[in-house]
Structure formats: C-alpha cells, structure tokens
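Asker: Sending over a structure as structure tokens; questions will come in a sec.
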Amino acid sequence: MSILNELPNNISVTVSKRELVELFNNCLLKIKQEQAKVFPEHLSIKQLSEFINYSEPAIYKMVAKAEIPCYKISGKLLFKRTEIESWLIEFKQPTIKERFEVLRIKEK
C-alpha cells in the first residue's frame with residue numbers, strides 16, 4: 001500500500017474494457033470468498049464470537065451460566081458449530097404469518 005501512497009492524487013490510467021471487467025470480477029470473487037467464510041466444525045471462543053456476532057465476554061458469561069452448549073477440553077472451550085446452529089434456532093421469533101397460523105389452529 002505504501003507504493004499507492006507515493007503516487008500523485010491526480011493520475012490517469014488507461015485500461016481496456018476486458019481488463020476492467022476482469023478487475024471487477026476479481027474484486028467480486030474476493031468479496032464473495034470473505035462473505036462465505038467457512039467455519040470449522042469445532043469453534044474456538046474467537047471463531048464463535050465471529051460466527052454469532054457476540055463479544056467474547058458475553059460468550060464467557062453464557063458459558064458460566066450454562067446457557068450455551070460447549071465442551072471444555074484441557075481448559076480450552078470448544079463449541080460444535082451444528083449444536084450452536086440448533087441452539088440459535090431456539091431463539092427464532094415467529095413471523096406474523098406463523099402467529100396467525102397458530103391462532104387459526106387454536107380456533108379449530
């Protein structure tokens with residue numbers, strides 16, 4: 001990046017349409033790869049924090065209260081990704097359509 005800082009602010013560059021399309025495609029591919037970050041089957045605290053977008057201290061509190069499924073191996077906490085996904089589903093809030101369906105069933 002230091003090379004870019006050394007360039008003048010006003011610079012003209014000519015690129016072909018093919019080169020520009022290739023550049024855009026490469027940028028889009030990189031973005032997709034970052035967004036589709038694959039998490040391993042067993043997550044560390046840091047990975048879990050990224051996976052569920054919770055702070056590490058909040059996760060430690062949930063572990064201390066036994067609110068989240070986890071494993072403790074040699075003092076290290078691990079979280080099975082599939083169990084975390086199932087745990088998250090427990091907190092799903094019903095949509096309006098689902099609430100109406102429950103009311104409709106109760107009326108019968």
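All of the numbers you see were taken from the coordinates with simple rules; none came from a lab. Treat the numbers as computed from the prediction; the structure is a model and nothing was measured.
Asker: Any chance you could run the full-extension gain for Phe39 through Val13? It's 0.36 nm times the residue separation minus the Cα-Cα distance, nm to one decimal. Walk me through the numbers on the way to the answer.
Answerer: On the way: separation 26, 0.36 × 26 = 9.36 nm, distance 3.95 nm.
So the extension gain works out to 5.4 nm.
Asker: Report Rg/Rh for the chain, rounded to two decimals, where Rg is the Cα radius of gyration and Rh the Kirkwood radius.
Answerer: Details: Rg = 23.6 Å, Rh = 19.0 Å.
My calculation puts Rg/Rh at 1.25.
Asker: Next question. Assuming 0.36 nm per residue, please report the length gained on full extension of the stretch Tyr71 to Glu83 beyond their Cα-Cα distance.
Answerer: Between Tyr71 and Glu83, full extension yields an extra 3.2 nm.
Asker: Right, another one. For the cross-link pairs Lys32/Lys76; Lys32/Lys61; Lys46/Lys80, which exceed 24 Å when the distance is taken from alpha carbon to alpha carbon? Please report the intermediate quantities before stating the final value.
Answerer: On the way: Lys32/Lys76 32 Å; Lys32/Lys61 33 Å; Lys46/Lys80 13 Å.
From the list (Lys32/Lys76; Lys32/Lys61; Lys46/Lys80), the Cα-Cα distance tops 24 Å for Lys32/Lys76; Lys32/Lys61.
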